[in-house]
Amino acid sequence: MSARERILGRVRRALADVEPDDSPYERAIERSYVRAHGDLDAERTVGLLAENLADYRALVHRCTADELPCLIGRLLAERGSRTVLVPPGLDAGWLAETDVERVPDLAASTPDELDRVDSVVTGCAVAVAETGTIVLDGGPDQGRRRITLVPDHHVCVVRVPDQVVASVPQALERLTPTRPLTWISGPSATSDIELDRVEGVHGPRTLEVVLVGGVSHSPGGDGR
Amino acid sequence: MSGTFVGMPAFPEAARAAVGDQTLRGNLRHATHTIRAKRAKAVAEVSDWDQLREAGKRIKDHTLRHLDRYLVQLEERVTAAGGTVHWAADAEEANRIVAALVAETGESEVVKVKSMATQEIGLNEALEAEGVHAYETDLAELIVQLGKDRPSHILVPAIHRNRGEIRDIFRREMSEWGRPAPEGLTDTPAELAEAARVHLREKFLRAKVGVSGANFMIAETGTLVVVESEGNGRMCLTLPETLISVVGIEKILPTWRDLEVFLQTLPRSSTAERMNPYTSMWTGTTDEDGPRAFHLVLLDNGRTDTLADEVGRQALRCIRCSACLNVCPVYERAGGHAYGSVYPGPIGAILSPQLRGTASEIDASLPYASSLCGACYEVCPVAIDIPEVLVRLRERVVEGGPVVRDGNRVVLRPAKGHAAERAAMRAARWAFARPGALRAGQRLASRTRGLHPRTLPGPGRAWSATRDLPAVPAEPFRDWWQRTHGGEEAK
Ligand code: SF4
């Protein structure tokens, strides 16, 4: 007998005493918890996002769409970056105000090559205010998972308020489970040594989140 | 049976040694108290905590009740998404499968994300025997591995080590495994973390095979979820060409939506954060993003035996948040190693004897490694009634009765009078001679009255029920503690 048959057989025997229940799953589980904590309007939700991002040591910036290229240029310059990873579908305008060398996100690049790049600039799929989380889903403005992992400096642009949701349940609703997803809440951190928090063990040590709003922006507001 | 630490004394002896270790106790006390306070705050932020906890409990119970169906559905979805599913009835089979998969790649090194399942089956040792080095990449696991040590906490495996000890381990051992520790390394956490980053980066960038566990698997979509803080998980899950995940069969959630419960309760219960820094979710393989080959090894190793016990099966709801460890007065004093298992603390005391059976002395004594104060049940985000299961297991050890071992229904004989009695008496005396445990024990009297009617007939009767444990010493414990410990920690 294969291990598969053996295990499934054991499961069935183990459950022999359990009364069968074939009510559909949606009805089997009562969900009396809330969809979001509090009832904030869009603006205050964005404010909460900014606060919670900062609380977990992300650097938060706010600007209008017109100011974005300038701000990104400044962030890369302040950091002293000479190279920046660029996802294939990133709005070219975002990098219009910087002459830092662009490195395309290529399947063929080796981890070592990525390790030599200073910064990465991406969009995101959705951001969660209550937890201070940005979620990447590998969309064209975000690229492969590893480009936001290996470089030490990640600049992530969030369109507000349309890419911001209040809560985890609302974020899950917007995401497509079959895409590779990375949820990021602040930069990499560890508390393994006497529970002292230290930032930046393996992922980017600096996470800068730019909340862009104020001027109506190009289509594609749901970030897919 | 795999998983028992070799030569491990039964809980009371191990605990006695640990309690005498001042450094260990200091490290532990600091750690558990810090996490405990932070956790309470993080939970208080969420107004619907009780409802989330109840939903979590129900989702897990429902999953367990239909586990066969969800396993088959998961297999189908993972396969459709480009992954390969393997089934392993026990540790040996799982190790064999992983070793063969690594051999197929022709590699002799793998990078690992911290995973309780692979520790449970002793994967690192099994791979080593095949000439494959497995590098732990979680900072705490690295400390444990370099220190040739055992993890002692689910979440913070090196919780028993302080910064000075860690520096010494790094200085002494890093060069053996790869890049040496930098000259003049001090004991500041930031410098230690940086040394680990540089040491491990070398391994990540060249690794061709990654090994992980998973926190959740979604039957509906075939998605796996890994929750972590450092980013080493992301490294292991996305940089290698081949990814092998070894996951206990109980880690399934039926639907994508169910994550909304656990992504809220897990981080707050474990690290006391609103959300942990990184969560990765992947479904099979994705073209040109991440590993080209994905293997999922579904592990039984005693889980179906646990499922067969109508009281004990609730232990399979556990999401390994470690909250129960941090509130346990016995864990706080005895430390994780005393439990002789990769699952320490209250959850270990009910999980290990169920996964492994109670044949060994340590496993037979684990159900007594508790004061039954109930604090573990109160913090548990999936409402596992640990005291209830402990009482059940004590009954089984003492009285015997039907259990399932390796899929077969057998009737356990009552533990041979003296051995079990001795172990239990020692454990009981030990717990009740400790002020924290005693305090808890006193609270227990009123709290767990509902559990008490399970007094046992026959030889177990005198001591199997908690109220029949040896009487609290006549001397008030504060006085006793003052007298014997010179006033240290009398609170
Ligand atoms: S038993 Fe409950 S509290 Fe303990 S680790 Fe498991 S889920 Fe967390």
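A compact table of results
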item: B:Ile169 vs. criteria more than 9 Å from chain A (Cβ to nearest Cβ) and touching a residue at least 24 places away in the same chain (Cβ under 8 Å); result: yes
item: Criterion violated by B:Asp363 - all others in (1) part of a helix (DSSP H, G or I); (2) over 19 Å from B:Phe216 (Cα atoms); (3) within 14 Å of the ligand (Cβ to nearest atom) satisfied; result: (3)
item: Hits in the stretch B:214-251 (condition: farther than 24 Å from B:Asp61 by Cβ, facing another protein chain (nearest Cβ under 9 Å) and part of a helix (DSSP H, G or I)); result: B:Asn232, B:Gly233, B:Arg234, B:Met235, B:Leu237, B:Thr238
item: Meets criteria (at pLDDT below 85 and either within 16 Å of the ligand (Cβ to nearest atom) or surrounded by fewer than 24 Cβ atoms within 10 Å (Cβ to Cβ) (or both)) for B:Ala383; result: no
item: The lone exception for A:Val103 - which of (1) in contact with a helix residue (DSSP H, G or I) (Cβ under 7 Å, 6 or more places away or on another chain); (2) open to solvent by 30 Å² or more (accessible area, probe 1.4 Å); (3) at pLDDT 95 or above it fails; result: (1)
item: Single unsatisfied condition, B:Pro414 versus (1) more than 13 Å from B:Gln314 (Cβ to Cβ); (2) assigned to a loop (DSSP other than H, G, I, E, B); (3) within 12 Å of the ligand (Cβ to nearest atom); result: (3)
item: Residues (open to solvent by 10 Å² or more (accessible area, probe 1.4 Å), facing another protein chain (nearest Cβ under 7 Å) and farther than 20 Å from A:Ile184 by Cα) located in the stretch B:252-285; result: B:Thr255
item: Residue in the stretch A:29-56 that is farthest from B:Val46 (Cα to Cα), counting only those that are among the polar types (S, T, N, Q) and crowded, with 19+ Cβ neighbours inside 10 Å; result: A:Thr45
item: Yes/no for B:Pro402 being of a type outside the set (Val, Ile, Thr) and within 16 Å of the ligand (Cβ to nearest atom); result: no
item: Selection within the stretch B:319-343 - away from every other protein chain (no Cβ under 14 Å), in contact with a Leu (Cβ under 7 Å, 6 or more places away or on another chain) and within 10 Å of the ligand (Cβ to nearest atom); result: B:Ile319, B:Cys321, B:Tyr343
item: Residue match in the stretch A:26-33 (condition: out of contact with any His (no Cβ under 8 Å at 6 or more places or on another chain), without any contact (Cβ under 8 Å) to a residue 40 or more places away in the chain, assigned to a helix (DSSP H, G or I) and within 14 Å of chain B (Cβ to nearest Cβ)); result: yes
item: Single residue of A:Arg144, A:Arg174 found to be within 7 Å of chain B (Cβ to nearest Cβ) and modelled with pLDDT of 90 or more; result: A:Arg144
item: All positions within the stretch A:177-206 that are more than 7 Å from chain B (Cβ to nearest Cβ) and at pLDDT 95 or above; result: A:Arg179
item: Boolean, B:Glu273 is assigned to a loop (DSSP other than H, G, I, E, B) and within 16 Å of the ligand (Cβ to nearest atom); result: yes
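The values are calculated or read from the model by the stated rules, or taken from the named source; none is laboratory data. Quantities reported herein were computed from a predicted structural model and do not represent experimental measurements. Heads up, the Cβs are rebuilt from the backbone with ideal geometry, glycines too, and the neighbour counts pull from every protein chain shown. Protein only, heavy atoms only, side chains kept; ligands, DNA and RNA dropped before computing areas. Shrake-Rupley method; radii C 1.70, N 1.55, O 1.52, S 1.80 Å.
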